[in-house]
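The values are calculated or read from the model by the stated rules, or taken from the named source; none is laboratory data. Just so we're clear, the structure is a prediction, and the values are computed from it rather than from any experiment. Please note: Cβ atoms are built from the backbone with ideal geometry, for glycine as well, and neighbour counts cover all protein chains shown.
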Amino acid sequence: MERTTSGWINGFIGVAIFAGSLPATRVAVADFSPVFLTGVRATIAALLGLALLLAFRQARPSGSDIPALVVTALGVVVGFPLLTALALQHVTSAHSIVFVGILPLCTAIFAVLRAGERPRPVFWLFSLAGASFVVGYAAQGGIEASLQGDLLMLAAVVVCGLGYAEGARLSRTLGGWQVICWALVVSLPVMLPLMILSMPLSLSGIRGPAWAGLAYVSLFSMLIGFVFWYRGLVQGGIAAVGQLQLFQPFMGLGLAALLLHEAVSWTMLVATLGAVICVAGAKRHAG
């Protein structure tokens, strides 16, 4: 019971950190190209991860762990950052809420396929209901038509769900923070050249908000958030704790209300309450 509670706490912290990822990416791609942003954020995080692994003298993963690390890296280090950065050139960060709403369901599906979890049938009802609350709330604001942006976001959600489940499965034996650090290191031979080749000719025109967005996605979205997230998924169950992602859109909107003094509508409060009920129900029937 104590381990499960710790898992939900760690998962919640991870989601809170991830809540700023899409807005930060949206700000960063205003001045950086999506390809460069993907390469530089992964390179910065990989160098920090390598320093942590060396400082704590972590043993190298076994050869049998490498394929899972590659899948994890393709999902959360390369795929999701690149696809969302490309998508956010066509859609707003608010529009991306629609797709974040189906990420918990996608993660749960991969938890079954890749990690061998078997949630009860009622769990899937709560998971579908939770996704409906988030998508329904996002749709109220109007869904702007951008087939390219929507397809990119859909692909991003699929690879992210796979990366979450695969990384969490590997964390059972390798450790949570070790998995994201090794996944970043595995991706470094690709991401470093990508960063160099796509580097802008001049950095003089890069504005402050873009630098801040880059710093956030490199340090928090790419590394620190995963330390808590993978630990939470292992301790509390991938499918169950994954439902906490339903809170991510509302955390981002709540942050905007707090910092930017944007109005919080009653529909947001109702949708948030619905998401809370669905997460609680999913937790109870996860296994």
### Task
Kindly indicate the residue of region 28-66 that is in contact with a helix residue (DSSP H, G or I) (Cβ under 8 Å, 6 or more places away or on another chain) and polar (S, T, N, Q) and also surrounded by the most Cβ atoms within 10 Å (Cβ to Cβ) among those meeting that condition.
38
### Task
Six or more apart or on different chains, Cβ under 7 Å: which pairs go from a residue in region 223-244 that's in contact (Cβ under 8 Å) with a residue 40 or more places away in the chain to one that's crowded, with 24+ Cβ neighbours inside 10 Å and outside any helix (DSSP H, G or I)? Could you list them?
237/286; 239/286; 240/286
### Task
State whether one or more residues within region 33-56 are at negative phi and part of a loop (DSSP other than H, G, I, E, B).
yes
### Query
Within the group 138, 111, 131, which residue is of a type in the set (A, V, I, L, M, F, W, C), touching a Gly at 6+ places or on another chain (Cβ under 6 Å) and touching a residue at least 12 places away in the same chain (Cβ under 8 Å)?
131
### Task
Name every residue in region 1-51 that is aliphatic (A, V, I, L, M), free of Cβ contacts under 8 Å to residues at least 12 places away in the same chain and under 26 Å from residue 246 (Cα atoms), in order of residue number.
1
### Message
Can you say whether residue 161 is surrounded by 15 or more Cβ atoms within 10 Å (Cβ to Cβ), modelled with pLDDT of 95 or more, in contact with a Phe, Trp or Tyr (Cβ under 6 Å, 6 or more places away or on another chain) and small (Gly, Ala, Ser), as far as the supplied structure shows?
### Response
yes
### Task
State all residues of region 1-27 that are in contact with a helix residue (DSSP H, G or I) (Cβ under 9 Å, 6 or more places away or on another chain) and not in a helix (DSSP H, G or I); if no residue qualifies, say none.
19, 20
### Message
Go through region 136-151 and report how many residues are modelled with pLDDT of 80 or more and more than 15 Å from residue 93 (Cβ to Cβ).
### Response
4
### Task
Kindly indicate whether residue 177 is of a type in the set (A, V, I, L, M, F, W, C), farther than 30 Å from residue 53 by Cβ and crowded, with 16+ Cβ neighbours inside 10 Å.
no
### Summary
Flagged in region 12-32 as more than 25 Å from residue 238 (Cα to Cα) and modelled with pLDDT of 85 or more, in numbering order, are 24, 25, 27, 28, 29, 30, 31, 32
### Message
Pull out all pairs, ordered by first then second residue, where Cβ-Cβ is under 6 Å, the residues are six or more apart or on different chains, the first lies in region 96-108 and is under 14 Å from residue 283 (Cα atoms), and the second is of a type outside the set (Gly, Ala, Ser) and in a helix (DSSP H, G or I).
### Response
104/243; 104/245; 104/246
### Query
Checking residue 60 against (1) among the charged types (D, E, K, R); (2) modelled with pLDDT of 95 or more; (3) not in a helix (DSSP H, G or I), which test does it fail?
(2)
### Message
I'd like to check something: does region 196-215 contain any residue that is basic (Lys, Arg), more than 19 Å from residue 69 (Cα to Cα) and more than 22 Å from the chain's Cα centre (by Cα)?
### Response
yes
